[in-house]
Amino acid sequence: MPVLVKRVGMGLVTLCAVVVAGWFLIGPDWRGLFANPPLGRDVLFWSQGQRDAGFRMIDRVPFISEIRPIEPGADVYPLTEGAPLDLGLDLDAYLGSQRNVSLVIVHAGKVRLERYGLGFRADGRWTSFSVAKSLTSTLVGAAIKDGHIKSLEEPVSAYIAELEGSAYDGVTIAQLLTMTSGIAWNEDYEDPQSDVAGFDRQGPVAGISTVAAYMASLARSHPAGEEWNYSTGETNLIGVLVSRATGKTLNVYLSEKIWTPFGMEAGATWLLGQDGHEIAGCCIQATTRDFARFGLFMLAGGVVNGENILPEGWIEAATVKQADIDSPGEGYGYQWWTWDDGSYQADGIFGQGIFIDPSRNLVIASNASWTSALGLRGGEWEARRDFYKAVQQALDRDKTE
């Protein structure tokens, strides 16, 4: 009996040692996730700890969502180091108040500032949320250039038959891109009953797009083209449209047209909805440096290796005010937020963004884990807008010194 007790005791000690060793071997990202396990797919209602752990791991947890890969290029677009940028502010205080995890500032093709926080690293993938909208809209331009889509004035139902006979009859592709379809949609991120919180709960419908089925059930609130209403559902429809028009999944088309030829350094991923289609209005996971490279693709006019990926004039039209959002000095283009000074931004909830200022040859890619979706309760959104201005002013000082 004493021998048996001794053996059991040694076995328990060994087991504990294995568990402890395994805990350290899995790395900090997995430890953070196990310590703050996300509950289900509905990221809008995760706790702060779940967001901090989950946004960097969201494509590695199968119960949250399946994924498709976005393949990088063999020839990486170089990001060389430039002179340090003096912003004239307490950068650590700003980044801490933002709960910022990554910041990459590229000016004239050189990295002027790069920082990481909350245990996030340069080779990590952080989810984009609605930054993906701007990438999805760019694929519409590519599909027009390739001849898959004839015109932005075509009705969206010409490509998505499930919308025929719904309130989307007569709504054009341009009206989807500018979110002026006039279809009722609730984008309240704190309301569990809102459309943005509930559309993904609709189960697959045999033979048709789940997204299209949900959107076809919505009513009209305004005549098409008259009122702007922010709608993630409409971007999801744009994704279905691009897939139907090109005959390719979004991950493959994005890889073929931009990610691979432009020279993104790392593989990225795209989360899938309940029907197995990419969630076009959300959730591309990539490194912050590669999000910055997408900004450089836009600054380059959509030209890759001397080839125009987008139609002539596309970027100019996509990144100016096409719809009035009732905010002075700001507007909405083709899934880009615009400023009257010519700058524009891809913007995602909880602090994700790609800010582009063509006049200064500037790209700012950043990711964060804000305390609320829109960054209004903690003041993060306004502080980030002020930070963009501080960067612009710092570059202007560079010219005069």
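The values are calculated or read from the model by the stated rules, or taken from the named source; none is laboratory data. What you see is a predicted model; the values in this text were computed from it and never measured. Backbone-built Cβ (ideal geometry, glycine too); neighbour counts: all protein chains shown. Accessible surface areas use protein heavy atoms only, side chains included; no ligands, DNA or RNA. Shrake-Rupley method; radii C 1.70, N 1.55, O 1.52, S 1.80 Å.
Details
- For the chain: rounded, prolate or oblate by the Cα gyration tensor [a/c cutoff 1.5]: oblate
- Three-way shape call for region 123-247 based on the alpha-carbon gyration tensor, with the a/c threshold at 1.5: rounded
- Residue among Leu95, Leu376, Leu272 with the largest mean-square fluctuation in a Gaussian network model of the chain, springs linking Cα atoms under 10 Å: Leu376
- Neighbours of Ser209 by Cβ distance under 9 Å: Lys/Arg scored +1, Asp/Glu scored -1, total -1.
- When Thr80, Thr180 are compared by accessible surface with a 1.4 Å probe, the order from highest to lowest is Thr80, Thr180.
- Between the helical axis of 380-400 and the longest alpha-carbon principal axis of the chain there is an angle of about 70 degrees.
- Per DSSP, loop GluC sites (Glu not before Pro) in region 203-247 with at most 16 further Cβ within 10 Å: Glu226, Glu227
- Sum of -39500 (n - 2.57) over DSSP H runs of 4+, divided by residues of the chain (222 nm, nearest 500): -10000 deg cm²/dmol
- Among beta bridges that DSSP assigns inside the chain, antiparallel share in %, nearest 5: 95
- Hits among lysines - C-alpha to C-alpha of Lys321 under 17 Å, sequence gap 8 or more where chains match: Lys133
- Between the amide H of Val320 and those of Tyr334, distances stay under 5 Å, these residues lying 5 or more places away or on another chain, with hydrogens modeled in the peptide plane.
- Degrees, to the nearest 10: 131-145 long Cα axis against longest axis of the chain: 50
- Annotation: amide H-H contacts under 5 Å for Val304 (H modelled 1.01 Å from N, sequence separation of 5 or more, or interchain): Ile309.
- The 1.4 Å probe gives accessible areas that order Asp200, Asp146, Asp92, Asp86, largest first, as Asp86, Asp92, Asp146, Asp200.
- Residues of the chain were split at every exposed loop site, defined as trypsin sites (Lys or Arg not before Pro) in a DSSP loop with at most 14 other C-beta atoms within 10 angstrom, and the longest piece left, sites excluded, is 151-376.
- Applied to region 175-191, the Karplus parametrisation 6.51 cos²θ - 1.76 cosθ + 1.60 on θ = phi - 60° returns per-residue 3J(HN,Hα) values of 6, 5, 4, 9, 6, 10, 5, x, 7, 5, 7, 10, 9, 6, 6, 9, 9 Hz, with x for Gly and Pro.
- Cα gyration tensor, region 24-151 - rounded (a/c under 1.5), prolate or oblate: oblate
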